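Dropping the structure in here first, questions after.
The values are calculated or read from the model by the stated rules, or taken from the named source; none is laboratory data. Please read all numbers here as calculations on a predicted model, not as lab measurements. Positions of Cβ are backbone-derived with ideal geometry, glycine not excepted, and every protein chain shown enters the neighbour counts. Side chains included, ligands, DNA and RNA excluded: accessible areas come from the protein's heavy atoms. Shrake-Rupley method; radii C 1.70, N 1.55, O 1.52, S 1.80 Å.
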Amino acid sequence: MSETNAEVNQYIKRHYEAGFVTDIESDSLPPGLNEEVIRFISRKKNEPEFMLEWRLNAYRQWLEMQEPEWAHVNYPKIDYNAISYYSAPKSQKDGPKSLDEVDPELLRTYEKLGIPLHERAALAGVAVDAVFDSVSVATTFKEKLSEAGVVFCPISEAIQSHPELVQKYLGSVVPVKDNFFAGLNSAVFSDGSFVYIPKGVRCPMELSTYFRINALNTGQFERTLIIADEGSYVSYLEGCTAPMRDENQLHAAVVELVALEGAEIKYSTVQNWYPGDEEGRGGIYNFVTKRGLCAGAGSKISWTQVETGSAITWKYPSVILRGDNSVGEFYSVALTNNRQQADTGTKMIHLGKNTRSTIIAKGISAGRSDSSYRGLVRVGPKAEGARNFTQCDSLLIGSQCGAHTFPYIESKNNSAVIEHEATTSKVSEDQLFLCQQRGIDPERAVSMIVNGFCKEVFKELPMEFAVEAGKLLEVSLEGSVG
Amino acid sequence: MLSIKNLYAQVEGKEILKGLTLDVKPGEVHAIMGPNGSGKSTLTHVLAGREGYEVTSGSIEFGGSDLLELEPEERAREGVFLAFQYPVEIPGVSNIQFLRTALNSIRKHRGEEEMDAGSFLKLARQKIGMVNLDPEFLKRGVNEGFSGGEKKRNEIMQMLMLEPRLALLDETDSGLDIDALQVVANGVNALRSPERSVLLVTHYQRLLNHIVPDYVHVLANGRIVKSGGRELALELEEKGYGWLNIDEDVAADQES
Ligand SMILES: Nc1ncnc2c1ncn2[C@@H]1O[C@H](COP(=O)(O)OP(=O)(O)OP(=O)(O)O)[C@@H](O)[C@H]1O
Ligand SMILES: [Mg+2]
């Protein structure tokens, strides 16, 4: 059997397709972090006074905080003074009014990544707020959205155009003091997306943003804020991929979602950051805080994510179910390969009456990777009739990888019903042979079997995204099995 | 079509096939019978190229080329099809997706264009009708939750879709009710043609009433110990394997 494992391993060797670096000149700050740096960032962005104060307050609190050590991952200590906290593509200074004005080099980069902005966005009817390094480069479909009253723009722009909304909601779901990485993000966040859906409006299209990391030694501190006003609906897609690097890169994003009474937010992520080479060198460190607040009664927040990238992932998209009858969902596929480490999961915090949550987490481990699922379901004393269903499935490819599940349940209300199911399975030799015997490449077979395993999660993704996610898994397992 | 010469093969260091020789010409149907554990499934797995089955000597020629040189998926694309004795499940992968991937891999190999989703679906519905399975089965995961008989019919359905040149059926008749047996037989007979050959592993001569073989062989202790026409199957049914002196053969083998 050991022979088979060796063979399986041979197929899992992946080739990172998005590995290249564009040579657009960056207008970067030298490495280092202090109050002057924060003032510089705020000045560069022409921010109002309240924003600078907010950042400085966050910075001061962050200085008092400790980096978390409890996650099931290992990485060398990060020197936060060796990171540069601001960079912007040079050619963007004047700001392109249309795609024609966008640096063609940049557009080619997007194309290599399979993101042909002009065509695909138009065809799929997706509005694309493309983030290149720390500054947003192009925003499309703005007019159609503004007709519906939807605000979809870089958060730096929202700070200028809708300061009252930003001031009211920024940090309302993920407070500055929430955790070490969120604190850092709050102090130095570069840019990100802002979405506001007015009362009763169903957003006329899927909103989408693509992230990339480019300039050397530049940490990325994306900040996203989505507010769905009463009775509104929005589906937001996030996808990212990064060029091959030698040095580990830190990514510490914060995403905050607010759903008011009867509103629904669907947030889908396909994440494909450079995971490092076979020994894990050079990959992205992805420490993200994503949290949604079901603020109003009958509101709903749904996280769907497909993760294949990063050397280290530390990420727990969560939902606070404050409104009565609100609903939280978490659908996740996390694939780890080679030396990747992932510690992901979710938290469902039930505060309101009759709140319901569903967690479907699928972990796929290949090579010598290690993945952990960490889930917390907490039911507060007033959450009469709360219900949770959790299902964690792990699929192992080869015998050198690991999968761990850490479910935590804290219930302070006896009427709560909490169910948990967990399975672990392997891609079997018999399955592989059946596929081969029908003429299918073993590589293709593994990706097909893996896709089958992920089906319940993929069906939650918007159509085009589901196709992309399937392809991503295929690429991620490329060069792999045998 | 298929020419096996003096084949020796082992699994996990244990020698199972010990000097097996067999010739199958285009259009012929050969039935292989023999006691449990004699090596029938092993033979089909060796032909299909399953990992872990090591050929230590002898040769297998298929359609003029050396079969042993090919990867399992290449053999399949060249037209070798194995209907499994114990079909496995692939949860979440729909039959339709699985079959379409398989068919297009084979078509690509032949230099043909991929079949579009529409034509494929039409073909699949037609073939699944031939094995009396509801078209709903196409949407279900490969063998996922299928009954024993449904799995076997699904194997035949796959065979009809892929139209192999050499079909290896490993006890496809086991565990089938009378109607299903007829369905399987009809499937195989539908495939029969002057260019295609069938190797039928079975314990029961009743299947041979429906699929009439050109030759019947007895495989015992890793080699063919007796060959004949279809009347050999009737004789075996009547007398069992005792009269073939297989045990003496085994004893002689162990002494050597
Ligand atoms: N993986 C394996 N490891 C060890 N022994 C094996 C393995 N596979 C097969 N064998 C042995 O090889 C011998 C032949 O097995 P095979 O499955 O080919 O028999 P068969 O003729 O198909 O029997 P049946 O009629 O019961 O299906 C048996 O003794 C079996 O135990
Ligand atoms: Mg057998």
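Express the accessible area of chain B per residue in Å², computed with a 1.4 Å probe while the remaining protein chains stay in the model. Write down the numbers at each step before the final one.
Values: 11070 Å² over 256 residues.
Dividing the accessible area of chain B by its residue count gives 43 Å².
Setting aside same-chain residues fewer than 8 positions from B:Lys5, which lysines have a Cα under 18 Å from its Cα?
Straight-distance partners of B:Lys5: B:Lys18, B:Lys25, B:Lys40, B:Lys226.
Considering Cα pairs under 8 angstrom that are at least six residues apart, work out the relative contact order of the stretch B:81-174 and quote it in whole percent. Could the numbers behind the result be given before it?
Details: 107 pairs, mean separation 49.2, N = 94.
With pairs under 8 Å counted, the relative contact order is 52 percent.
For chain B, place one equal point scatterer on every Cα, skip the solvent, and apply the Debye formula. What is log10 of I(q)/I(0) at q = 0.07, 0.16, 0.17 Å⁻¹?
The Cα Debye sum returns log10 ratios of -0.24, -1.25, -1.39.
Can I ask one more? Could you work out the mean count of beta carbons from other protein chains within 10 Å of each residue's beta carbon in B:72-79?
Per residue, the number of nearby Cβ atoms from other chains is 5 on average.
Taking only Cα atoms of the stretch A:383-467, what ratio of Rg to Rh do you get with Rh as the Kirkwood inverse-distance radius? Walk me through the numbers on the way to the answer.
Numbers: Rg = 17.8 Å, Rh = 15.9 Å.
My calculation puts Rg/Rh at 1.12.
Taking 8 Å as the Cα distance limit and 6 or more residues as the minimum spacing, I'd like the relative contact order of the stretch A:268-412 as a percentage.
Over the stretch A:268-412, the number comes to 20 percent.
Assuming 1.567 mPa s and 4 °C, estimate D for the stretch A:164-211 with Stokes-Einstein, Rh taken as the Kirkwood radius over Cα pairs, in µm²/s.
It comes out at roughly 99 µm²/s.
May I pose another question? In the stretch B:26-106, which trypsin sites (Lys or Arg not before Pro) are in a loop and have at most 14 other Cβ atoms within 10 Å, using DSSP for the loop call? Can you show the working numbers first?
On the way: sites: B:Lys40, B:Arg50, B:Arg75, B:Arg77, B:Arg100; in loops: B:Arg50.
The qualifying sites: there are none.
How big is the gap, in Å, between the Cα center of the stretch B:86-119 and the Cα center of the stretch B:131-159?
The stretch B:86-119 and the stretch B:131-159 have Cα centres spaced 15 Å from each other.
I want to check a number: in the stretch B:106-193, how many lysine pairs have alpha carbons closer than 15 Å, given a sequence separation of 8 or more or different chains?
On the way: B:Lys122/B:Lys139; B:Lys127/B:Lys139; B:Lys127/B:Lys151; B:Lys127/B:Lys152; B:Lys139/B:Lys151.
Lysine pairs satisfying the spacing and distance rule in the stretch B:106-193 number 5.
Please state, as a whole number in µm²/s, the translational diffusion coefficient that the Stokes-Einstein equation yields for the stretch B:104-237 at 37 °C and 0.692 mPa s, with Rh defined as the Kirkwood radius across alpha carbon pairs.
It comes out at roughly 201 µm²/s.
Per residue in the stretch B:87-127, which ones lose no less than 50 Å² of accessible surface when going from chain alone to all protein chains (1.4 Å probe)?
SASA drop of 50 Å² or more in the stretch B:87-127: B:Val88, B:Ile90, B:Gly92, B:Phe98, B:Thr101.
Another question about this same structure. Sort out for me the Cα centre separation of the stretch A:398-417 from the stretch A:281-349, rounded to whole Å.
Centre-to-centre distance over Cα atoms comes out at 15 Å.
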